[in-house]
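The values are calculated or read from the model by the stated rules, or taken from the named source; none is laboratory data. This structure is a prediction, so every number in the text was calculated from the model and none was measured. Positions of Cβ are generated from backbone atoms using ideal geometry, with glycine treated the same way; all protein chains shown enter the neighbour counts. Protein only, heavy atoms only, side chains kept; ligands, DNA and RNA dropped before computing areas. Shrake-Rupley method; radii C 1.70, N 1.55, O 1.52, S 1.80 Å.
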Amino acid sequence: MPDSGEISFMDGSSQSLDALPYHRALRDYLLTHESDLWRWFASAKAQEEYTEHLRLELLKAAYRLDAESHPDLFRVADEARERLGLSHIPLTLYQLQHSTQLNAALYYIPNEAHVVFSGPVLSLLNTEELQSLLGHELAHYHLWQQDEGEFLIADRLLQAVANDPRASASHHQSARWFQLYTEIFADRGSLSVTREIRPVVSGLVKMQTGLAQVSAASYLKQAEEIFERSKVKTDEVSHPEAYIRARALSLWSEGRADADEQIGHIIEGAAALDDLDLLGQVRVTGLTRKLLGAFLQPKWFHTEAVLG
């Protein structure tokens with residue numbers, strides 16, 4: 001399938017489900033500045049080791065669902081795959097054992113998609129909300145296969161480096177922001193599948209609260225009120241707060257030209273020296289060099305003490 005495509009909504013509008021600017025910028029940085037690490041994580045050996053370990057862990061930890069016992073679930077899943085252009089990818093669904101926490105996760109294997117449900121998700125969400133949830137998880141696959149799998153390589157590299165005891169604060173921040181932006185992308189996948197924002201938001205709130213009945217319209221108003229009253233920046237590590245995700249979806253669904261820019265302010269906030277990622281370090285270094293260049297421009301100022 002192509003790297004990205006036009007997603008049509010019920011009102012006739014369309015959007016491109018494509019990687020966010022931060023994904024592309026950080027991917028490009030890693031390709032340039034971490035080429036040795038990149039080659040390892042892109043290697044066939046690394047992929048093979050990861051795949052075999054994952055298959056075994058899924059069989060140990062989860063119950064594998066089948067289409068005969070869950071026909072409605074697989075029908076919804078097939079519709080989600082079709083709307084994301086992933087009908088050619090085999091999909092396996094699981095229910096995690098010994099867990100009551102509401103969650104769902106995609107486990108990526110090349111040319112295969114494995115989605116694991118946790119807690120009473122299948123009984124809590126209605127059909128549209130389940131479709132939204134599956135769209136969210138399958139959107140991860142959609143991203144990982146873009147640009148010949150480079151965003152998947154970047155994600156694994158960043159997570160591995162951030163988990164290393166020698167990692168710096170900028171490595172942790174880069175991995176964190178990359179993951180937060182990935183969840184924003186996956187929410188767009190939900191909207192691309194449902195083609196309307198209501199079931200995406202209601203499903204999101206149900207997963208966060210465990211409530212059986214919620215109002216998407218009410219929560220969207222609540223999110224708007226939060227943004228009207230304060231400057232918002234996420235404090236989360238892996239998933240932005242629900243009201244941020246609802247706001248980000250609204251901006252994208254409306255086709256706002258500045259949607260990515262506004263979302264960037266919400267995820268990253270104002271630049272601070274103690275809160276820089278790898279890209280921020282590059283920007284600050286460049287600004288510092290420009291400042292020094294302007295400061296030292298007069299020849300008479302080039303004394304030994306100043307240059308020292």
Point to revise | Among the residues listed as Leu86, Leu37, the single one being open to solvent by less than 30 Å² (accessible area, probe 1.4 Å) and at negative phi | key: Leu86
Review point. If you go through region 135-151, how many residues are over 20 Å from Glu79 (Cβ atoms) and open to solvent by 10 Å² or more (accessible area, probe 1.4 Å)?
Key: 5
Exercise for review: Determine which member of the set Leu65, Leu17, Leu26, Leu56 is of a type in the set (A, V, I, L, M), within 19 Å of Ala162 (Cα to Cα) and either out of contact with any Lys or Arg (no Cβ under 8 Å at 6 or more places or on another chain) or surrounded by 11 or more Cβ atoms within 10 Å (Cβ to Cβ) (or both).
Suggested key: Leu26
Practice item. Hand me the list of helices (runs of 4 or more DSSP H) wholly inside region 32-109 holding 1 or more residues that are within 20 Å of the chain's Cα centre (by Cα) and basic (Lys, Arg). Key: 71-83
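When you check Ala246 against the structure, is it over 28 Å from Leu30 (Cβ atoms), without any contact (Cβ under 8 Å) to a residue 40 or more places away in the chain, in contact with a helix residue (DSSP H, G or I) (Cβ under 7 Å, 6 or more places away or on another chain) and open to solvent by less than 90 Å² (accessible area, probe 1.4 Å), yes or no? Step through it out loud before you land on a result.
Details: over 28 Å from Leu30 (Cβ atoms): yes; without any contact (Cβ under 8 Å) to a residue 40 or more places away in the chain: no; in contact with a helix residue (DSSP H, G or I) (Cβ under 7 Å, 6 or more places away or on another chain): yes; open to solvent by less than 90 Å² (accessible area, probe 1.4 Å): yes.
Taking the combined requirement at face value, the residue does not satisfy it.
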Check your understanding: Would you say Gln208 is open to solvent by 10 Å² or more (accessible area, probe 1.4 Å), touching a Ser or Thr at 6+ places or on another chain (Cβ under 9 Å), part of a helix (DSSP H, G or I) and within 23 Å of Tyr107 (Cα to Cα)?
Key -> no
Review point. Yes or no: Arg229 in contact with a Phe, Trp or Tyr (Cβ under 6 Å, 6 or more places away or on another chain) and not aliphatic (A, V, I, L, M)?
Key: no
Check your understanding: If you take the residues of region 276-308 that are part of a loop (DSSP other than H, G, I, E, B) and closer than 30 Å to Ser168 by Cα, which of them is modelled with the lowest pLDDT?
Key -> Gly308
Review point. Is there any pair with a first residue in region 216-234 that is in a helix (DSSP H, G or I) and a second that is of a type in the set (Lys, Arg) whose Cβ atoms are under 7 Å apart and which are 6 or more apart or on different chains, and what are they?
Key: Ala216/Arg198; Ala223/Arg247; Phe227/Arg247
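Can you name every residue in region 105-134 that is free of Cβ contacts under 8 Å to residues at least 60 places away in the same chain, crowded, with 17+ Cβ neighbours inside 10 Å and under 19 Å from Asp187 (Cα atoms)?
Leu106, Tyr107, Tyr108, Ala113, Val115, Val116, Phe117, Ser118, Leu134
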Study note, to complete from the structure: When Val237 is run through (1) of a type outside the set (Asp, Glu); (2) under 15 Å from the mean Cα position of the chain (by Cα); (3) surrounded by 13 or more Cβ atoms within 10 Å (Cβ to Cβ), the failure sits at (3)
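Output the residue which, of all residues in region 240-269 that are in a loop (DSSP other than H, G, I, E, B) and closer than 14 Å to Trp177 by Cβ, is nearest to the chain's Cα centre (by Cα).
Applying the filter and picking the extreme gives Pro240.
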Point to revise | region 137-147, residues that are within 16 Å of Ile89 (Cβ to Cβ) and of a type in the set (D, E, K, R) | key: Glu137
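Condition check ((1) at pLDDT below 95; (2) under 15 Å from the mean Cα position of the chain (by Cα); (3) open to solvent by 10 Å² or more (accessible area, probe 1.4 Å)) across all residues:
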| site | (1), (2), (3) |
| --- | --- |
| His171 | no, no, yes |
| Ala175 | no, yes, no |
| Ser190 | no, yes, no |
| Val193 | no, no, no |
| Ile197 | no, no, yes |
